[in-house]
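Here is the structure we will look at.
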C-alpha cells in the first residue's frame, strides 16, 4: 500500500476558514506541494495579503509576514533584497493586487525583483461581501453593480497578466485556472516553474490563477466552476505571456 | 485496488470531488459531519482507478489516496 496523494508537509493540519468549494484551498495546496518538491521549506518566506487569504499563515508551514493592503510586493522586495538567499513569495487576491496594490505590483515587476507572486483572480471582492472588483466581468452582477458591470461607466476588467507582460524587464508571467483537475495540474506546473526561476535568480515571476467564489457569485461550487469555464476563460485566455528567455 | 480515504470531519460538502470523479465512485452522504455538512463518501470503492482527481479538486485536503502496485494517471501531476 503506497500513499499517492495526501496533505503536503508544508501545510498544517488546521482546517481552513474558507467557504465550501472555494479554490483558495487548492491554491494553498499547490504552493505547499511545490515548496515540498523543491525542498525549500526551511528557507521560504511568504507575504500574506489582505483579503480572504489574510489568515494563510495559519495553514502554511513556512515563515510569513503580513503585508499591508496591496503592499505585499513591497514587503517582499524588502525581504528579498536584505536576504537574497531566501525564497520569497506573495499570495494575493484581485482586490489586493489589481486594485489597491496595482502600483506596487507594476513597479516590483518593472524593477525585476526576484520574487514570486501567486495572484488569485476570482472577479469579485470575496472577504468584504462581494463588491465589484477591477477584474469583474462586463455584465456580472455584484452587490455594488446590481444591474451588472456597465463598461461605459466603469470600463473593462483589467488583464493583469497581459499588462505586466508588456514590460521590457524580463519576467515569467503566466495565467492558469483552477476549475478542473487538468488545469490544476497545469497550474502546479506553472507555480513550480515560477519558483525555479526565482531559485535561479533569473526574473520576477507571477502566476495568475483563475479561481471561483461560489458564495459571492451566488452559485453552488460546481456551477461556479462551470461559470468560470464558460465566461472567465473567454475574457482571460490561459497561457504563458512572457518568459525570461524572450527578448 | 486503490483506496480513497475521506476525512469526513474536514469535508465541507462542496461536491467538487463527486463531479471530478470519472468513475462515479463518490456520492454525498445522508448524514451530517461534526461541522454540519453532508460529507462525501466512496459508495462504489471497487470502481476506483486511483486517478486522484477527487483529491486534486478537494479544496480542504480531506482526501487521501492509497494504491497497491501500478498507478494509473490521466496526466502528470
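For the criterion of being surrounded by fewer than 23 Cβ atoms within 10 Å (Cβ to Cβ), more than 19 Å from the chain's Cα centre (by Cα) and in contact (Cβ under 8 Å) with a residue 40 or more places away in the chain, residue A:239 fails. If the condition is being under 21 Å from residue B:67 (Cβ atoms) and either at pLDDT 95 or above or assigned to a helix (DSSP H, G or I) (or both), then the stretch B:7-21 contributes B:17, B:18, B:20. Exactly one residue out of A:103, A:109 is touching a residue at least 60 places away in the same chain (Cβ under 8 Å) and part of a helix (DSSP H, G or I), and it is A:109.
Among the residues of the stretch A:218-235, are any on the phi < 0 side of the Ramachandran plot and assigned to a loop (DSSP other than H, G, I, E, B)? Looking through the stretch A:218-235, at least one residue is on the phi < 0 side of the Ramachandran plot and assigned to a loop (DSSP other than H, G, I, E, B). Of the listed requirements (1) crowded, with 24+ Cβ neighbours inside 10 Å; (2) in contact with a helix residue (DSSP H, G or I) (Cβ under 6 Å, 6 or more places away or on another chain); (3) not in a helix (DSSP H, G or I), residue A:70 misses just one: (1). Picking from residues in the stretch A:149-181 that are without any contact (Cβ under 8 Å) to a residue 24 or more places away in the chain and touching a helix residue (DSSP H, G or I) at 6+ places or on another chain (Cβ under 9 Å), the one that is surrounded by the fewest Cβ atoms within 10 Å (Cβ to Cβ) is A:168. Each residue in the stretch B:24-77 was checked for being part of a loop (DSSP other than H, G, I, E, B), modelled with pLDDT under 90 and within 11 Å of chain A (Cβ to nearest Cβ), and 13 pass.
Taken over the stretch A:1-45, residues that are away from every other protein chain (no Cβ under 11 Å), part of a helix (DSSP H, G or I) and closer than 21 Å to residue A:211 by Cβ amount to 3. Each residue in the stretch A:121-148 was checked for being within 17 Å of residue A:229 (Cα to Cα), touching a helix residue (DSSP H, G or I) at 6+ places or on another chain (Cβ under 7 Å) and either without any contact (Cβ under 8 Å) to a residue 12 or more places away in the chain or in a loop (DSSP other than H, G, I, E, B) (or both), and 6 of them qualify. Only one entry of A:201, A:218 meets the criterion of being more than 14 Å from the chain's Cα centre (by Cα) and either closer than 25 Å to residue A:104 by Cβ or modelled with pLDDT of 95 or more (or both), and that entry is A:201. Evaluate the following for residue A:65: is it assigned to a strand (DSSP E or B), touching a strand residue (DSSP E or B) at 6+ places or on another chain (Cβ under 7 Å), without any contact (Cβ under 8 Å) to a residue 40 or more places away in the chain and surrounded by 16 or more Cβ atoms within 10 Å (Cβ to Cβ)? So residue A:65 passes the test.
Return only the number of the condition from (1) closer than 29 Å to residue A:17 by Cα; (2) in contact (Cβ under 8 Å) with a residue 40 or more places away in the chain that residue A:219 does not satisfy. Going through the list (1) closer than 29 Å to residue A:17 by Cα; (2) in contact (Cβ under 8 Å) with a residue 40 or more places away in the chain, residue A:219 breaks only (2).
The values are calculated or read from the model by the stated rules, or taken from the named source; none is laboratory data. Nothing here was measured: the structure is a model prediction, and the numbers come from that model. Note that we place each Cβ from the backbone using ideal geometry, even for glycine, and neighbour counts take in every protein chain shown.
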